[in-house]
Amino acid sequence: DFSGTGVTTGPHPMALLRSELPGILRASDLNAVAEGHIVRIAGLVICRQRPGTAKGVVFVSLEDETGISNAILYSAFFEKHRLLVTQERYLVVEGPVQNQHGTIHLIARHVEALVSGQTHTPGSHDFQ
């Protein structure tokens, strides 16, 4: 139902994958992480943004079973990983936590596709 309609009557697809993701934090876990600590997050890409005023910085929002986490991809990093970031529906992002006045982001230092036979999704809302 999730891949066809964009909503589900059951658990979020990430809840079904969570047991395959040791060491990857949930969105709700990020509040307890200290500034600068390097962590991994994963989720369904729900939005990719590249504001004209952001000097090439790309913002990616990942949804999991607990909420939304956000990653910042600086221009050079994004260009290096452009196809992966723009084509994959599920991503794993690693980097240090940035907590600015209660707004939490991850500064992407590594990104990879989250591949599983259970990842069915609608498309994201993108800058493209």
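Does the range 12-19 include one or more residues that are in contact with a strand residue (DSSP E or B) (Cβ under 7 Å, 6 or more places away or on another chain), more than 22 Å from Lys80 (Cα to Cα) and at pLDDT 95 or above?
no
Hey, can you tell me all the residues within the range 57-109 that are under 16 Å from Leu21 (Cβ atoms), out of contact with any Leu (no Cβ under 7 Å at 6 or more places or on another chain) and in contact (Cβ under 8 Å) with a residue 60 or more places away in the chain?
Leu106
If you scan the range 20-79, which residues turn out to be open to solvent by less than 60 Å² (accessible area, probe 1.4 Å), charged (D, E, K, R) and in contact with a strand residue (DSSP E or B) (Cβ under 6 Å, 6 or more places away or on another chain)?
Arg48, Glu63, Asp64, listed by residue number.
The values are calculated or read from the model by the stated rules, or taken from the named source; none is laboratory data. None of these values were measured; they are calculated from a predicted model. Ideal geometry is used to build each Cβ from the backbone, glycine not excepted, and the neighbour counts take in all protein chains shown. In case anyone asks, the SASA skips ligands and DNA or RNA and just uses the protein heavy atoms, side chains included. Shrake-Rupley method; radii C 1.70, N 1.55, O 1.52, S 1.80 Å.
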